[in-house]
Structures are given as C-alpha cells and as structure tokens.
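The values are calculated or read from the model by the stated rules, or taken from the named source; none is laboratory data. For clarity, every value in this text was computed on a predicted model and none was experimentally measured. Glycine also receives a Cβ, built like all others from the backbone with ideal geometry; neighbour counts cover every protein chain displayed.
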Amino acid sequence: MAWIFLHKGAFAINIQIDYQCPQCGAPALLEETDRIFACQYCRVKSCLIPEGVFRYMIPYTAKPGKDIFFLPYWRYRGMQYCCVETEVQNRFVDVTQQAVNAPYFPMTLGVRAQAMKLSFVSPDTQGRFLKPGLPVKTVLQHQENVFEASFSRADIYHHAHVGETLSLIYAPFYIDACIMDAVLNRPVSDPLPDGAMDGLAASENFHWPLRFIPALCPSCGWDLSGERNALVLSCTNCNRAWQPVGTTLKPVPIMFIPGDETTALYLPFWRIAADVTGISLSSYADLIRVANLPKVVQNGWDQIPYYFWSPAFRLSPKTFLSLSIQINLTQPPEHPVDGNPPGTRYPATLPVTEAAEALKISLAGMMKPAETRMPILPQITIRPIRFALVYIPFQSGHQEWLMPDYHIAINKNLLTLTDH
Ligand SMILES: [Zn+2]
Ligand SMILES: [Zn+2]
C-alpha cells in the first residue's frame, strides 16, 4: 500500500474575544476556538459553556444617546464536501452571513469581525439585540448552492458540512436617516424607506450567560488536563476522559493503540460503530468488497466488525478526507487498550457529532469502482450507534508525524502543538 502524505493546510484567522476571569476579574484574550480557560493569575481552570451557541458582540463606538441595536450574523467555519460524479469535491467555508432577513443591512461582516476584538454579550450591554430569524441551515444551503454552481456536471449525489465553528456575532447599528454602522460611525445604506425595519424583532431577553464548569474530574476530583481548544479532558488520576455536555461533564469512552519507544505523539480519532443500510458494510470482509481492495477475503473476516473512523482534530478539507479514507481502509485493531495513552496527546478538537457528518463522505471516497458505487450514495444511510475516542501512536519524522503500520504521514505544519 502506498503511503499517503498529508501536506496542505487552509486555516483562517481566529477571532479574538476580550474576556475577564470570572473568579478574579483579570483580563484575558480568548480565541474563538477556546473551550477551556485557565486564568494566568488565579490559576483556576474552567470549561466554557455557551447557552446554545457562543454569542459575541462587536463593541460600538457611537456617541451616547444613539438608539443602538445589534443585528445577528451567523459565523460558520468548516469543511464542505460534495460528491460529484466519481469524485468527492471539497472546500473550506468561512463566512459570516445575516441571521435575519434584512436587505438594507450589510449581508456579511466581511473580514471586519476578524480584524477586531469581540466580547461576549453581557447583561449590562446598552442596546437592543435583534432576534435571529434565519436558521443556520439557510446559510449552509446557500453555501451548497454556491458550491454546486461551480460544477458544470449535473450528477451530484451527496453534500456534507463538517463544522468547526458556529457562533452568532452581533454587529451594532443605529438609524440616522440611513443605517449607520456604530463602529465606524458611517452610513452603510441609502436613506431608509418606511417599513425598512419591519419584521426585525428584538429578542425579549438577551441575557445569554456564558457558564463555567470547573475542570475537575467528576469521578475523583482531580484537576483535568486539556489544551485550551480541547473538547475532551483527561483525568490522569483515575484514567478517564470527560466532555462538557449541556452544563455537566459526561464520560467519554477512551482507548489507545499502544505505541513503543519510538512513539512521540498520540493523535485522537473517533471510532464510530454505525448501522448502515443501502450497502453491506458491517464487517472487514464487506470493506474489502466495497473498496475493492486487492485482498482475498480470509476465513473469519466476516466476523471482524467494521468501524467508521474519523480524525478528531481539524485539518484542511482535503487532508481530512485523505486521512479519513486511509484510516477507514486500515481499520486499526479491534481491541485497543482502555484509558488515556501514556505519552503526549494531541487535543481532540472536532466533536464526534461533526465527525459523524463526514462518515458518508469517507465512504464515498473509498467505494470502488466509483462509477457504479457513487450513484447509490443517496440510498445509503449511516446511523451512528456508539463511539469511542481512540489515540493512535505516531513517530516524529523530520517534517512529518509518521504512523508506519498504517502508511500515514502528516506534515507537522498541519498540527499546532502548544504546551502540554
Ligand atoms: Zn483568575
Ligand atoms: Zn478522575
């Protein structure tokens, strides 16, 4: 089997958010991907829990006395895939788009939200917050249409969005004959006709508290460890793992493939058991047939369960797909060891719910021959039934993280390692 080399990256700039430690009030700067906040002053570590999605506002600079209102914009960043004829096309999507239908207002925030510091919406903010009237799926549907329009060919079998970030950003405006941008204090529309604000309702309650839960093991009380952007936290005392679900920490089944003395880093993958209909894919023998692998099915291979696998960390859409296909074709050993791996771990930053969105895409990339398999994609359903986070050992090469047994090499530039 040929090695796959994963190189290309496509990362957008993170939004930064001004923040205050809820314990000691010390100022801090968060990144939009932060899920754990460790205060540099008081050392308290907590998980950041939004109500629904994270809601940020752009601070305004308008003179006092203006009737400020905030228009909501969806901020979405993620990977988009489209199965077209025999190929899986991909692209990276990074948009802010109106979360209401307000034709007189700017349709997007452009790069502005990335160029300035945002803050969380707080109860003492002066102004009205308009209610988001369009669901995020409207934004995604629009992105699908834009993507589809870029293909001249007609046969499109499947779409998928694998989200990395979803939030609402509230941008401030006021009316002064026309719509005024309350950050730059300049007009962004022509003089408004009567009724221009019709249909834009204010949210009755804009108290969307950001909750914190202490990053302590619910089982043994030990400090949990995890990077600032980690979705899963580990307890090195009782050897379990946890993730915030709602306002509590729920256990995550955690396992690892043992490494050896050459192991330098463990990378996290989601292993997902799923019910598949429309195609026979429940065993390793099925995989050989579906992917038309150059192997003869051996006795007992129809007893080895097939698991879907997905990277549990962010990559560019292209490398995410290549790595997904490779790890699914490899099918790591059926019985990993329970618990946290003994060495350095790379944080799990992609939720299992998003990884599940990508399962059909990696299947589409594996099925051979694509000419006859792709058209049956719309009939295939994949229903995840259980999952585990499995760490896989990698060696440190000159420029790549290497997993020789699986023929995987990931360029080190694609993974940012911070302090462990
Ligand atoms: Zn503090
Ligand atoms: Zn514990």
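Here Ser310 fulfils each of the conditions (1) in contact with a helix residue (DSSP H, G or I) (Cβ under 6 Å, 6 or more places away or on another chain); (2) on the phi > 0 side of the Ramachandran plot apart from (2).
Taken over region 166-188, residues that are farther than 25 Å from Val136 by Cβ and crowded, with 17+ Cβ neighbours inside 10 Å amount to 2.
Taking region 275-322 as the range and being surrounded by 19 or more Cβ atoms within 10 Å (Cβ to Cβ) and assigned to a strand (DSSP E or B) as the test, the residues that pass are Val276, Phe308, Trp309, Ser310, Pro311. Out of curiosity, is Thr236 in the same structural domain as Arg345 (by TED's automatic domain parsing), polar (S, T, N, Q) and at pLDDT 95 or above? Taking the combined requirement at face value, the residue does not satisfy it. When Asn237 is tested against (1) in contact (Cβ under 8 Å) with a residue 60 or more places away in the chain; (2) more than 28 Å from Gly52 (Cβ to Cβ), just one condition goes unmet, and that condition is (1). Picking from residues in region 15-40 that are polar (S, T, N, Q) and without any contact (Cβ under 8 Å) to a residue 24 or more places away in the chain, the one that is farthest from ligand 2 (Cβ to nearest atom) is Gln20.
Does Val337 satisfy being more than 26 Å from the chain's Cα centre (by Cα), surrounded by fewer than 17 Cβ atoms within 10 Å (Cβ to Cβ) and modelled with pLDDT of 95 or more? When the stated conditions are applied, Val337 passes them.
In region 208-225, what residues are within 16 Å of ligand 1 (Cβ to nearest atom) and assigned to a loop (DSSP other than H, G, I, E, B)? Scanning region 208-225 gives Leu210, Ala215. Taken together, Pro341, Pro332 contain a single residue that is out of contact with any helix residue (DSSP H, G or I) (no Cβ under 8 Å at 6 or more places or on another chain) and either under 26 Å from Arg240 (Cα atoms) or part of a loop (DSSP other than H, G, I, E, B) (or both), which is Pro341. Considering region 50-154, the qualifying strands (runs of 3 or more DSSP E), each wholly inside and each with 2 or more residues that are hydroxyl-bearing (Ser, Thr, Tyr), run over 69-84. Within the option set Arg240, Arg228, being within 16 Å of ligand 1 (Cβ to nearest atom), crowded, with 17+ Cβ neighbours inside 10 Å and under 30 Å from Glu357 (Cα atoms) holds for one residue only, Arg228.
A quick yes/no check of all residues on (1) over 30 Å from Gln126 (Cα atoms); (2) surrounded by 14 or more Cβ atoms within 10 Å (Cβ to Cβ); (3) free of Cβ contacts under 8 Å to residues at least 60 places away in the same chain; (4) not charged (D, E, K, R):
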| site | (1), (2), (3), (4) |
| --- | --- |
| Val139 | no, yes, no, yes |
| Ala160 | yes, yes, no, yes |
| Glu164 | yes, yes, no, no |
| Pro193 | no, no, yes, yes |
| Gly199 | no, no, no, yes |
| Trp208 | no, yes, no, yes |
| Val232 | yes, yes, no, yes |
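Would you confirm, using the coordinates I've provided, whether His398 is touching a Phe, Trp or Tyr at 6+ places or on another chain (Cβ under 7 Å) and not aliphatic (A, V, I, L, M)? Taking the combined requirement at face value, the residue does not satisfy it.
Of all the residues that make up region 224-233, how many are within 11 Å of ligand 2 (Cβ to nearest atom) and modelled with pLDDT under 95? Of the residues in region 224-233, 1 are within 11 Å of ligand 2 (Cβ to nearest atom) and modelled with pLDDT under 95. Do the conditions hold for Cys217, that is, is it within 9 Å of ligand 2 (Cβ to nearest atom), over 23 Å from Asp124 (Cβ atoms) and touching a strand residue (DSSP E or B) at 6+ places or on another chain (Cβ under 8 Å)? Yes, satisfied. Does at least one position in region 261-273 carry a residue that is surrounded by fewer than 20 Cβ atoms within 10 Å (Cβ to Cβ), part of a loop (DSSP other than H, G, I, E, B) and more than 16 Å from ligand 1 (Cβ to nearest atom)? Looking through region 261-273, at least one residue is surrounded by fewer than 20 Cβ atoms within 10 Å (Cβ to Cβ), part of a loop (DSSP other than H, G, I, E, B) and more than 16 Å from ligand 1 (Cβ to nearest atom). Scanning region 27-38 for residues that are buried (at least 18 other Cβ atoms within 10 Å of the Cβ) and either more than 23 Å from Arg314 (Cβ to Cβ) or of a type outside the set (Asp, Glu) (or both) returns Leu30, Arg35, Ile36, Phe37.
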